[in-house]
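Written below as structure tokens is the structure these notes are about.
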Amino acid sequence: MLLFQSRVFIGALLLCAFLVMVVTSILLFSQRHDAAISVMHTMVGSMMALAIVWHAVKNRRMLFTYLNPFKKYQGKHSFSLALVLSLVTYVCISPYFNLKPAVSIYQFGQSLKAADKAQHIKETIYSEHRAKTPTSVGQTITIELKKGPYFMWPQYAFWLETLEGEFVQPLYVTRSIATNQFTNKVTKVNPEQVFNSHLMVGDNPIAQTALQGEQEPSTKDSRMRPESLPVFLHQLGKVSSSGYFLPTDNTLQIDGYSGATMMNNFIYHVQVAQKLAGKYRIRFEINHSFDYNTYYSSDRFPDDKVYSGDGYSAQPSVIYESVIDFSNPSELMKMQLVGHGHHSGKNGMLYKNTTKLTTALELVDRILVSHTL
């Protein structure tokens, strides 16, 4: 017959928890943050705390005796409680008052973490590109883009506009947007399947089993993607025969500023068409198909034929911007996230609430811009 002894259980539990806490504490102190170690440390620490509470309750009479500062032991008062309180007080206030040796211990831990991080940093490689039309006479704008973890094969555009929002010129447009040639077409294996997460994440993306086929669309209209970059396309201001805002034969010439999608980190130099003075706004819009989430799921807008069409719209485009002053010396500026476009391209409005976006916010890590005088 098995016998449960609470004293043995608590003692064994505290010993095992203590050993785990020692190991995880050293790892968290000396290495970069690791989610698995943090969770283990927190869970075992919580279990250890419960065991201590249990132990304190079972031995409360003896504990109260220990905590009584007026009780004498062998005829003398003990200063153990005062010492414990002093140590705990020091530990609690040392981070706020930079007390030593606590600060030195912290700095030592930070140096260990920095060394560990340096061992794991991968070399960042950029490709460099230049664009200039034969008639360009203006300043040169330099754009440095470092891609994020979900930057795979997006569509994007950079353009220049006035502070009042008047379109000036494109700076870079991916070729599929410039020519409106979206040739990849797939269908669901199961028409009833609902997508509510990014289809292209991990070694075994859902798309490998959930989508099928790759064929040329049968009609020109099936290639239209007004939801791809709606803010940019509405800035172009040209409406196709179908009523969508898309590049057309009579629109602003953008061939000199378009090219194959740059898939890696890049530095892009582009000369503007005319010499400019004063402040202008640079905007960047980017979108990625198949990046569904729990809100922008494949069944979110069932009556919207664009969102629910064969383009596999998911999270809407995101827009970044920065203001540059062509009259003053260049400063390296970081483009800031300012909002997103309409999920099916019905308008060119900028929606500032991005709380429902997830992986779309990680398409780029950062974008830096500068210019020549």
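The values are calculated or read from the model by the stated rules, or taken from the named source; none is laboratory data. This structure is a prediction, so every number in the text was calculated from the model and none was measured. Cβ placement follows ideal geometry from the backbone for every residue including glycine, while neighbour counts extend to all protein chains displayed. Just so you know, the surface numbers come from the protein's heavy atoms only, side chains and all, with ligands and any DNA or RNA stripped out. Shrake-Rupley method; radii C 1.70, N 1.55, O 1.52, S 1.80 Å.
For the condition at pLDDT below 70 and loosely packed, with under 12 Cβ neighbours inside 10 Å, TYR73 qualifies. Each residue in the stretch 355-372 was checked for being open to solvent by 30 Å² or more (accessible area, probe 1.4 Å), of a type outside the set (A, V, I, L, M) and either within 17 Å of the chain's Cα centre (by Cα) or farther than 26 Å from THR142 by Cα (or both), and 6 pass.
Would it be correct to say that PHE29 is at pLDDT 80 or above and either part of a helix (DSSP H, G or I) or not charged (D, E, K, R) (or both)? Considered against the rule, which asks whether it is at pLDDT 80 or above and either part of a helix (DSSP H, G or I) or not charged (D, E, K, R) (or both), PHE29 comes out as no.
Of all residues in the stretch 336-368, those satisfying the criterion of being within 13 Å of ILE282 (Cα to Cα) and touching a Lys or Arg at 6+ places or on another chain (Cβ under 8 Å) are VAL338, ILE367, LEU368.
Here is a yes/no grid of residues against (1) more than 25 Å from the chain's Cα centre (by Cα); (2) in the same structural domain as ASN190 (by the TED database); (3) buried (at least 20 other Cβ atoms within 10 Å of the Cβ); (4) under 21 Å from TYR172 (Cα atoms):
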{"site": "ASP303", "(1), (2), (3), (4)": "yes, yes, no, no"}
{"site": "GLY309", "(1), (2), (3), (4)": "yes, yes, no, no"}
{"site": "GLN315", "(1), (2), (3), (4)": "no, yes, yes, no"}
{"site": "SER327", "(1), (2), (3), (4)": "yes, yes, no, no"}
{"site": "TYR351", "(1), (2), (3), (4)": "no, yes, no, no"}
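Number of residues in the stretch 206-235 that are open to solvent by 20 Å² or more (accessible area, probe 1.4 Å) and either at pLDDT below 80 or in a loop (DSSP other than H, G, I, E, B) (or both): the value is 17.
Of all the numbered requirements in (1) surrounded by fewer than 19 Cβ atoms within 10 Å (Cβ to Cβ); (2) assigned to a strand (DSSP E or B); (3) in contact with a His (Cβ under 7 Å, 6 or more places away or on another chain), GLU321 misses one, and that requirement is (3). Being at pLDDT below 90, open to solvent by less than 40 Å² (accessible area, probe 1.4 Å) and assigned to a loop (DSSP other than H, G, I, E, B) is the requirement here; does THR133 meet it? Spelling it out, THR133 is indeed at pLDDT below 90, open to solvent by less than 40 Å² (accessible area, probe 1.4 Å) and assigned to a loop (DSSP other than H, G, I, E, B).
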